[in-house]
Amino acid sequence: MNSFDTHKLKDAIVKPATGGSSIGTFRVKNKKEAIEKVNLIFSKRMDTRVVLEPFAKGKEFTVIVLENF
């Protein structure tokens with residue numbers, strides 16, 4: 001059994017385990033797409049581990065901290 005079946009996922013995010021949150025990050029809709037993107041991450045040597053997490057619907061914001069007091 002896989003995560004899509006076990007957790008009844010409809011959409012998920014596949015991304016490298018290390019690094020930023022946008023490079024090599026893919027939204028997938030099924031197990032086949034997830035495997036394709038995992039293979040792409042490995043073939044491009046972005047990482048040796050990946051994260052599969054449920055897609056969280058909503059707005060995403062990026063914040064830059066210019067100075068820390």
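The values are calculated or read from the model by the stated rules, or taken from the named source; none is laboratory data. What you are looking at is a predicted structure, and each value in this text was computed from that prediction instead of being measured. For neighbour counting, all protein chains shown are included, and Cβ atoms are generated from backbone atoms with ideal geometry for every residue, glycine included.
Data for the structure
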quantity: Boolean, ASP5 is exposed (fewer than 15 other Cβ atoms within 10 Å of the Cβ) and touching a residue at least 40 places away in the same chain (Cβ under 8 Å); calculated: no
quantity: The stretch 8-26, residues that are at pLDDT 90 or above and either exposed (fewer than 13 other Cβ atoms within 10 Å of the Cβ) or of a type in the set (Val, Ile, Thr) (or both); calculated: ILE13, VAL14, ALA17, THR18, THR25
quantity: Residue pairs meeting the criteria (Cβ under 6 Å; at least 6 apart or on separate chains; first among the β-branched types (Val, Ile, Thr), in the stretch 15-30; second modelled with pLDDT of 90 or more and part of a strand (DSSP E or B)); calculated: THR25/LYS15; VAL28/ALA12; VAL28/VAL14
quantity: Top-ranked residue in the stretch 50-60 [being surrounded by 11 or more Cβ atoms within 10 Å (Cβ to Cβ) and out of contact with any helix residue (DSSP H, G or I) (no Cβ under 8 Å at 6 or more places or on another chain); ranked as farthest from LYS8 (Cα to Cα)]; calculated: VAL51
quantity: Residue match in the stretch 21-33 (condition: of a type in the set (A, V, I, L, M, F, W, C) and within 9 Å of the chain's Cα centre (by Cα)); calculated: yes
